[in-house]
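The values are calculated or read from the model by the stated rules, or taken from the named source; none is laboratory data. This is a predicted model, so every value here is computed, not measured. Neighbour counts run over all protein chains shown; Cβ positions are idealised from the backbone, glycine included.
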Amino acid sequence: MVNVILKFVSCCRAADMRISTAEVLDCLGQLEIVDPCDERQFKTVLGANFAKSRREQGEFDRLYHFFFHALQSGFPLEDGLPEEKTQKAALSDAISDKMEQLIRQVTDQEGAEDPDKIKENELDQALMDFLAGNPLAFIQEVQKIQNRDEQTSQFFKSNLGQLSSRLEIMLRINRLKSKMVQFLGTHDAFIEPWAQSDVTGLKKRVTSQLNKALDFLNTEPRLDNAGLKETGARELHYKNVGEIPFANLTPGETQAVKQIIDRLVRKLEEITSRRFSAASRGMVDVKKTIQRSVKYLGVPVEIVHKARPPRKGKIVILCDVSGSVWSTARFMLNILYSLQTCFSRVKSYVFIERPTDVTSFFYSNEPNEAIKNILNDPRVNYNARTDYGMAFQQFRDDHFRELDKKTTLIIIGDARSNYLNPREPLLENMRDRCRRLIWLNPEQKKFWGTGDSEMMRYQDHCNEARACGNLNQLIDFIEALVL
């Protein structure tokens, strides 16, 4: 049992799950007080020790199923009579022994043809180990692909690096499958007399195991983002202009929307000023209360409280300024900078392929004037192709220090990245760094994940994902953010 758990832990660590030695020891100690033959108890103990949060539960379930079911062709400690367990174990050991013989024969034959071939090819060796029941090296190869950072140039950017690496592994698996099956049909497959049923069983075993390797390669790990806040029905603040997408507003409707936003800003500033005023009351200031009581003959008629500054959060905005997204973004930026009194700081970055700091425009101009200046900023290449992955990479490299546990990161964009590498793990780094991560998408939810949209991947790494393409949706979000 200890060796099985240690092998499973090695596979989890190869998939970038953080498992300490103390957690392994705790798990082994807890397995002694439960029935390890009961898979429900067995899996619960492993999950409680190795999956740190709900977000890691999905990756744990994927590895657990792969290691204990797909790889081992069934849970090794499943329920059944002792005689049945003994027979299954003996049959499994016999098949494993013959599999090892087959792998040894194929390896020896290839080594005879080219002595350096097997030694130099780590991927082929990893697949051989996988067939022998040790998936560690194969999992590491798959994880390298998932963690790979694309080396992109200014003139050529694509996601071909990961795709070609994945395709190479798929071709190696198919080639090895054909070679093993073909070898079993020759007279070379002979160490001891094998019955025809043994050869047939080995063919099925090889095909089944390598098909499972393909399934694991093609299955994208998904985080269990149970805490994702998705908004459903919204309040109908304005029947006509409130339901029109920002991209479709006429000049007259745009002016009407601006007037509504101005009224909303004044209303929210009044509400928040009263709230912060009430929240500024701290503990009773005993010294000043006693001093004030002198003029009332020692009676504490006036209770003095210590001043407590309001706790205001910081806002960092990462805004896509390409195409129809900009129609939503300009209204969003206008409101946030008009409500600066509600936040301790508002900092903005716009991007198409690389983020550009435009905070100074809003500090030196009115929001509407600042937005006009951004459109004429030569630092923003409006002719470039939208690349969210590159923008996230540059933001992490150059501006990551702006995020802390008091910061709300708001990303405004449609998540359409022209089929370039989305680099969604970078969002996970941002989420861990800040208080919360909110994504505002001007498209309707039914279009998320269609075409080149990577929204279904990105939302797994967000605290909140909203469709925000008209005035009513924007008002709902601003009220939820401020109030």
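Tabulated data
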read-out	value
Test for residue 143: is it closer than 30 Å to residue 354 by Cα, surrounded by 13 or more Cβ atoms within 10 Å (Cβ to Cβ), modelled with pLDDT of 70 or more and not assigned by TED's automatic domain parsing to the domain that holds residue 436	yes
Test: residue in the range 425-448 that is at pLDDT 90 or above, in contact with a strand residue (DSSP E or B) (Cβ under 6 Å, 6 or more places away or on another chain), in a loop (DSSP other than H, G, I, E, B) and crowded, with 17+ Cβ neighbours inside 10 Å	yes
Residue tally, condition without any contact (Cβ under 8 Å) to a residue 12 or more places away in the chain, part of a loop (DSSP other than H, G, I, E, B) and not charged (D, E, K, R), over the range 239-256	2
Residue selected from the range 337-351 under the condition part of a strand (DSSP E or B) and not hydroxyl-bearing (Ser, Thr, Tyr), by the criterion farthest from residue 390 (Cα to Cα)	345
Residue list for the range 436-464, filter: within 26 Å of residue 271 (Cβ to Cβ) and within 16 Å of the chain's Cα centre (by Cα)	436, 437, 438, 439, 463, 464
Pairs, first at negative phi and assigned to a loop (DSSP other than H, G, I, E, B) in the range 25-40, second among the aromatic types (Phe, Trp, Tyr) and surrounded by 15 or more Cβ atoms within 10 Å (Cβ to Cβ), C-beta under 6 Å, six or more apart	36/42
Leading residue by the ranking (farthest from residue 262 (Cα to Cα)) among those in the range 339-360 that are surrounded by fewer than 21 Cβ atoms within 10 Å (Cβ to Cβ) and more than 29 Å from the chain's Cα centre (by Cα)	360
First in the range 192-209 and at pLDDT 75 or above, second anywhere and crowded, with 16+ Cβ neighbours inside 10 Å and among the aromatic types (Phe, Trp, Tyr), Cβ under 9 Å, 6 or more apart	209/130
Residue satisfying condition, being exposed (fewer than 15 other Cβ atoms within 10 Å of the Cβ), of a type outside the set (S, T, N, Q) and in a helix (DSSP H, G or I), within set 369, 302	369
